[in-house]
1. Being out of contact with any Lys or Arg (no Cβ under 7 Å at 6 or more places or on another chain) and not in a helix (DSSP H, G or I) is the requirement here; does LYS179 meet it?
2. Pick out the one residue from GLU103, GLU142, GLU122, GLU133 that is in a helix (DSSP H, G or I) and closer than 30 Å to PHE197 by Cβ.
3. If you scan segment 119-163, which residues turn out to be over 34 Å from the mean Cα position of the chain (by Cα) and over 15 Å from ALA97 (Cβ atoms)?
4. Does segment 111-132 contain any residue that is touching a residue at least 24 places away in the same chain (Cβ under 8 Å), under 30 Å from HIS151 (Cβ atoms) and surrounded by 11 or more Cβ atoms within 10 Å (Cβ to Cβ)?
5. Going through SER168, SER175, SER148 one at a time, which residue ends up being touching a residue at least 60 places away in the same chain (Cβ under 8 Å), touching a Phe, Trp or Tyr at 6+ places or on another chain (Cβ under 8 Å) and either within 25 Å of LEU73 (Cβ to Cβ) or β-branched (Val, Ile, Thr) (or both)?
6. Can you confirm whether segment 76-86 contains a residue that is among the acidic types (Asp, Glu) and within 30 Å of MET188 (Cα to Cα)?
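Here, each number is a calculation from the coordinates, and none is a lab measurement. For clarity, every value in this text was computed on a predicted model and none was experimentally measured. Methodologically, a virtual Cβ is constructed for each residue, glycine included, from the backbone with ideal geometry; neighbour enumeration extends over all protein chains shown.
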Amino acid sequence: MCLNISNFTFTSSCRNFFAPLIMDEIENYSEKIHEQSNEHAHHMLEEGKERWVLFVALSTALIAVLAAITGLLAGEHADEAMLSQIRASDQWAFYQAKGIKSETLNQSSKLLVALGKAPVAEDQAKIQENKKEQAEIKEKAEEFQKESAMHSAKHSIFARGITLFQISIAIGAISIIVKRRNLWLVSMGFACVGIFFLIQGLLF
């Protein structure tokens with residue numbers, strides 16, 4: 001059981017470590033496109049053409065704010081998931097230590113019986129005490145695992161929202177560069193789905 005928990009901790013830690021790196025790459029790429037689109041929008045507005053780009057700029061700024069908020073929430077839940085999993089792993093290690101102590105005392109009692117001697121009463125009482133403590137430790141460990149799973153689930157929901165917001169920003173920027181209003185409408189569709197994930201994460 002302890003081996004499986006260790007594996008789970010490793011997998012969860014890797015996921016929480018690499019996820020922010022991937023999100024940073026997406027953000028950096030979208031920022032570059034956004035900068036290029038702002039230059040195009042500035043020139044288009046100066047020429048007095050394609051006034052709809054102003055709405056693209058405003059909506060993109062709003063989406064960027066929502067993406068930042070969602071990113072903060074995703075990072076917070078990723079940290080909490082990792083901390084809860086670490087606490088759970090500590091409790092399972094404590095649980096295993098208690099089990100080893102009980103087994104050692106049990107083997108000592110069996111050895112005394114084999115030698116024709118009476119087992120130590122204090123050892124038997126200690127074994128029972130360890131079993132009782134193990135039950136309490138197991139309960140705490142399972143609670144921490146549930147907390148970790150809950151935070152991981154919320155992190156995943158917010159991460160989806162961030163991804164969709166970044167895609168929306170990128171498509172909106174491209175719509176200015178290629179002067180295609182329909183692409184801006186597509187970007188707003190992605191933003192709406194991102195808002196759905198943001199609300200879902202808050203209410204989950």
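1. Criteria met by LYS179.
2. One residue alone meets the criteria, GLU142.
3. The answer is PRO119, VAL120, ALA121, GLU122, ASP123, GLN124, ALA125, GLN128.
4. No; the residues of segment 111-132 include none that is touching a residue at least 24 places away in the same chain (Cβ under 8 Å), under 30 Å from HIS151 (Cβ atoms) and surrounded by 11 or more Cβ atoms within 10 Å (Cβ to Cβ).
5. SER168
6. yes
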